[in-house]
Amino acid sequence: MEKISTVTGVAVPLRRSNVDTDQIIPAVFLKRVTKTGFDDALFHGWRQDPEFILNQPAYQGASVLVAGPDFGTGSSREHAVWALRDYGFQVVISSRFGDIFRGNAGKQGLLAALVAYEDIERIWEVVEAEPGMPVTVDLVERTVSAGELTVPFEIDDYTRWRLLEGLDDIGLTLREEEAIAEFEQHRAAWRPTTLPIREPAEAGN
Amino acid sequence: MTASSERPRTLAEKVWDDHLVKQGEDGTPDLIYIDLHLVHEVTSPQAFDGLRMAGRPVRRPDLTIATEDHNTPTLDIDKPIADLTSRTQIETLRRNAAEFGIRLHSLGDKEQGIVHVVGPQLGLTMPGITVVCGDSHTSTHGAFGAMAFGIGTSEVEHVLATQTLPLKPFKTMAINVEGTLRPGVTAKDIILAVIAKIGTGGGQGYVLEYRGSAIRALSMDGRMTICNMSIEAGARAGMVAPDETTFAYLKGRAHAPEGEDWDAAVEYWKTLPSDEGAEFDAEVFIDADALEPFVTWGTNPGQGVSLSDTVPDPATIDDQHERAAAERALEYMDLRPGVPLKEIKVDAVFMGSCTNSRIEDLRAFASIVAGKRKADGVRVMVVPGSARVRLEAEAEGLDKVFEAFGAEWRFAGCSMCLGMNPDQLAPGERCASTSNRNFEGRQGKGGRTHLVSPLVAAATAIRGTLSSPWDLEQAVTEAEAK
Ligand code: SF4
């Protein structure tokens with residue numbers, strides 16, 4: 001997982017509320033066997049419409065999504081975060097997130113920034129006035145800046161620390177490397193190993 | 001659960017304590033070491049992909065083993081798999097196993113089979129270890145006195161990368177089954193009765209420990225049947241304390257310890273049973289003498305009754321949610337209250353799944369059907385849990401018994417336990433199944449499942465209606481009286 005401290009990039013104003021995970025990525029894409037390559041699946045239904053905001057030239061290469069309230073509700077699929085990340089988003093801003101989505105985002109290195117709804121409307125206005133303008137999300141200061149506008153966002157300390165350090169769940173556990181190695185040193189010889197492959201001592205079952 | 005050795009501890013607590021890499025503080029989870037990681041094609045692809053993205057290796061390929069089971073066909077196993085999604089999953093597992101250096105038993109290999117049949121059969125599952133797999137029926141392995149539970153795909157990746165899992169301690173529940181089972185009553189009937197008693201959510205948050213004289217009297221295959229279905233009671237895991245039956249089963253298996261290691265292991269294993277005075281967070285009592293062959297009538301494993309009963313009337317259920325669930329279930333199952341279960345006709349009998357597909361299960365089924373013909377119009381499938389079980393059954397001539405009976409003798413896999421491979425029920429078809437889930441559509445869209453033991457499956461295949469071996473004896477006695 002990449003460390004994040006500030007993200008500067010094109011912001012997409014997504015003026016929709018209640019964007020559930022089915023909208024973010026429809027169920028048919030869950031059959032895939034990879035954890036990457038979901039960029040084409042993101043908002044798949046909406047993207048069929050040429051007018052949809054992600055299809056507009058000004059917003060290509062965007063890395064910040066500014067959405068309405070209740071983003072990421074519904075089914076717990078982790079794929080929703082993968083699709084946003086694969087598309088290139090590093091930050092999603094909303095005034096309210098689905099709980100599981102927010103948890104998954106933190107674990108996968110996608111910054112879910114909680115911004116008051118009035119401030120979201122102000123960001124929308126600024127970026128819509130000049131489509132494609134960059135905004136800056138500063139995780140250290142917990143602020144979002146677009147042009148002259150700077151507003152605060154909320155994120156819990158633990159998730160913020162993990163994002164700043166670039167630590168996913170596995171990365172966190174690997175910090176205990178010494179303790180794990182120490183445990184393995186004392187693992188009894190009778191405990192099972194699958195390799196090398198052994199044949200049964202006696203014939204039969 | 002703490003590492004204090006003064007306080008009497010349960011089996012589950014002992015295994016937990018002995019795998020503590022780091023004790024959690026201030027509400028953070030404990031870090032638990034995993035002794036054995038079983039892998040199959042459905043829940044592993046994204047885990048391997050995650051490792052690849054992060055550039056991480058598998059920490060302990062030598063504690064990891066993979067097999068193909070959910071998507072595999074049980075006929076024509078030498079031909080390419082027809083369904084594209086299934087084929088992709090299998091091919092992905094093969095590529096991942098090769099890339100990460102993981103032992104894989106593929107279709108056609110003699111150790112291939114349902115992951116929960118393969119582990120014990122190789123002697124990899126043993127007392128006092130921790131076992132995980134991206135599959136909820138990992139609870140099966142608890143029959144050896146192991147702590148075994150199912151995990152999700154991100155946890156699969158976590159174990160592959162670190163051989164550990166951050167976990168919060170579980171509560172413990174003792175399931176005391178005292179007495180002697182009557183002939184014709186089996187381990188499957190015990191667990192169906194347990195789930196009917198505590199409900200599909202009754203075990204939530206608990207590790208169940210099955211205890212008592214009826215459990216001690218069971219073989220390992222029977223104990224596995226019981227632990228397998230712990231998850232259907234909502235529990236994360238089920239366990240049985242290891243004893244001489246456990247040791248005898250393990251001795252001489254491919255990966256069981258040998259020589260001095262064996263002696264050291266047995267010495268340790270004997271310390272594992274719950275201490276006298278150890279406290280469980282909850283206790284349940286089941287009278288084994290009173291048990292009869294059991295069957296489910298609904299669409300969750302807790303909706304079961306004795307086979308001699310009638311289909312229950314939802315109107316008599318007090319709890320409004322349960323009543324509504326029962327009404328929905330009867331509608332889906334196309335059953336009317338008050339109908340004797342023994343009058344219900346079936347279209348199919350499925351003998352297989354990780355609940356009941358080991359050699360003893362096949363022997364039990366064969367003991368009833370030997371020398372008989374199946375009922376007309378009933379399709380009977382017998383599917384061994386692993387290629388090795390298949391070979392063993394054939395060495396004993398069981399395949400001939402099944403074929404003479406009119407059953408289809410298949411290759412190893414999950415088969416009709418779930419609609420993920422070609423073995424499925426057609427809409428509206430009714431099946432007596434030795435598997436573990438009777439959810440709507442589990443065995444194929446619109447299919448209707450009655451969960452039963454191998455003996456009940458066999459008797460049902462003979463009579464064409466839900467039946468137990470007792471009904472067969474009765475038929476014989478009646479015929480003799482004439
Ligand atoms: S046999 Fe059924 S329950 Fe067992 S692992 Fe296969 S699909 Fe799951």
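The values are calculated or read from the model by the stated rules, or taken from the named source; none is laboratory data. No experiment lies behind these values; they were computed from the predicted model shown. Note that each Cβ is placed from the backbone with ideal geometry, even for glycine, and that neighbours are counted across all protein chains shown. Accessible surface areas use protein heavy atoms only, side chains included; no ligands, DNA or RNA. Shrake-Rupley method; radii C 1.70, N 1.55, O 1.52, S 1.80 Å.
Just to check your reading of the model, which residue among B:363, B:336, B:373 is open to solvent by 70 Å² or more (accessible area, probe 1.4 Å), away from the ligand (no atom under 16 Å from the Cβ), under 23 Å from the mean Cα position of the chain (by Cα) and in contact (Cβ under 8 Å) with a residue 24 or more places away in the chain? Break it down into steps so the answer makes sense when it comes.
Details: B:336 fails: under 23 Å from the mean Cα position of the chain (by Cα); B:373 fails: under 23 Å from the mean Cα position of the chain (by Cα).
After applying the criteria, what remains is B:363.
Results for (1) more than 21 Å from residue B:469 (Cβ to Cβ); (2) crowded, with 18+ Cβ neighbours inside 10 Å; (3) hydroxyl-bearing (Ser, Thr, Tyr); (4) within 15 Å of the chain's Cα centre (by Cα), shown as yes or no for each residue.
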{"position": "B:208", "(1), (2), (3), (4)": "yes, yes, no, yes"}
{"position": "B:217", "(1), (2), (3), (4)": "no, no, no, no"}
{"position": "B:230", "(1), (2), (3), (4)": "yes, yes, yes, yes"}
{"position": "B:236", "(1), (2), (3), (4)": "yes, yes, no, yes"}
{"position": "B:239", "(1), (2), (3), (4)": "yes, yes, no, yes"}
{"position": "B:243", "(1), (2), (3), (4)": "yes, no, no, no"}
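In the set A:30, A:54, A:65, which member is open to solvent by 30 Å² or more (accessible area, probe 1.4 Å) and either touching a residue at least 24 places away in the same chain (Cβ under 8 Å) or assigned to a helix (DSSP H, G or I) (or both)? Walk me through how you get there before you give the answer.
On the way: A:54 fails: open to solvent by 30 Å² or more (accessible area, probe 1.4 Å); A:65 fails: open to solvent by 30 Å² or more (accessible area, probe 1.4 Å).
Matching residue, one of A:30, A:54, A:65: A:30.
In the range B:78-103, what residues are touching a residue at least 60 places away in the same chain (Cβ under 8 Å) and among the hydrophobic types (A, V, I, L, M, F, W, C)?
If we filter the range B:78-103 for residues that are touching a residue at least 60 places away in the same chain (Cβ under 8 Å), which is where we start, we get B:82-83, B:86, B:100, B:102.
B:82, B:100, B:102 - these are the residues of the range B:78-103 that are touching a residue at least 60 places away in the same chain (Cβ under 8 Å) and among the hydrophobic types (A, V, I, L, M, F, W, C).
Check A:173, A:194, A:136 and return the single one that is more than 14 Å from chain B (Cβ to nearest Cβ) and hydroxyl-bearing (Ser, Thr, Tyr).
Values: A:173 fails: more than 14 Å from chain B (Cβ to nearest Cβ); A:194 fails: more than 14 Å from chain B (Cβ to nearest Cβ).
Result of the check over A:173, A:194, A:136: A:136.
How about the range B:391-424: which of its residues are outside any loop (DSSP other than H, G, I, E, B) and within 15 Å of the ligand (Cβ to nearest atom)? Let's see the steps before the verdict.
As a first pass, look at the range B:391-424 and keep what is outside any loop (DSSP other than H, G, I, E, B): B:391-395, B:398-405, B:408-409, B:415-417.
Those that are outside any loop (DSSP other than H, G, I, E, B) and within 15 Å of the ligand (Cβ to nearest atom): B:415, B:416, B:417.
Which residues, taken from the range B:15-32, are open to solvent by less than 30 Å² (accessible area, probe 1.4 Å) and under 17 Å from residue B:145 (Cβ atoms)?
Of the residues in the range B:15-32, the ones open to solvent by less than 30 Å² (accessible area, probe 1.4 Å) are B:15-17, B:19, B:21, B:24, B:30-32.
Hits for the range B:15-32 are B:15, B:16, B:17, B:19, B:32.
Could you tell me whether the range B:3-14 includes any residue that is of a type in the set (A, V, I, L, M) and open to solvent by 40 Å² or more (accessible area, probe 1.4 Å)? Break it down into steps so the answer makes sense when it comes.
First pass over the range B:3-14, keeping only residues of a type in the set (A, V, I, L, M): B:3, B:11-12.
Applying the additional criterion that residues be open to solvent by 40 Å² or more (accessible area, probe 1.4 Å) yields B:3.
Scanning the range B:3-14 turns up at least one residue that is of a type in the set (A, V, I, L, M) and open to solvent by 40 Å² or more (accessible area, probe 1.4 Å).
Among the residues of the range B:77-90, which ones are more than 15 Å from the ligand (Cβ to nearest atom) and either closer than 21 Å to residue A:34 by Cβ or crowded, with 20+ Cβ neighbours inside 10 Å (or both)?
Keep residues of the range B:77-90 that are more than 15 Å from the ligand (Cβ to nearest atom), which gives B:77-85, B:87-88.
Across the range B:77-90, the qualifying residues are B:81, B:83, B:84, B:85, B:87, B:88.
Please find, among B:43, B:74, B:28, the residue that is touching a residue at least 12 places away in the same chain (Cβ under 8 Å) and either more than 16 Å from the ligand (Cβ to nearest atom) or touching a strand residue (DSSP E or B) at 6+ places or on another chain (Cβ under 6 Å) (or both). If you could, list the steps in order and put the result at the bottom.
Values: B:43 fails: either more than 16 Å from the ligand (Cβ to nearest atom) or touching a strand residue (DSSP E or B) at 6+ places or on another chain (Cβ under 6 Å) (or both); B:74 fails: either more than 16 Å from the ligand (Cβ to nearest atom) or touching a strand residue (DSSP E or B) at 6+ places or on another chain (Cβ under 6 Å) (or both).
Unique residue meeting the criteria: B:28.
Does the range B:168-188 hold any residues that are crowded, with 20+ Cβ neighbours inside 10 Å and either within 15 Å of the ligand (Cβ to nearest atom) or closer than 23 Å to residue B:206 by Cβ (or both), and which are they?
B:170, B:172, B:173, B:174, B:175, B:177, B:187, B:188
Are any residues in the range B:194-205 open to solvent by 10 Å² or more (accessible area, probe 1.4 Å) and either small (Gly, Ala, Ser) or within 17 Å of residue B:130 (Cβ to Cβ) (or both), and if so, which ones?
Hits for the range B:194-205 are B:196, B:199, B:201, B:202, B:205.
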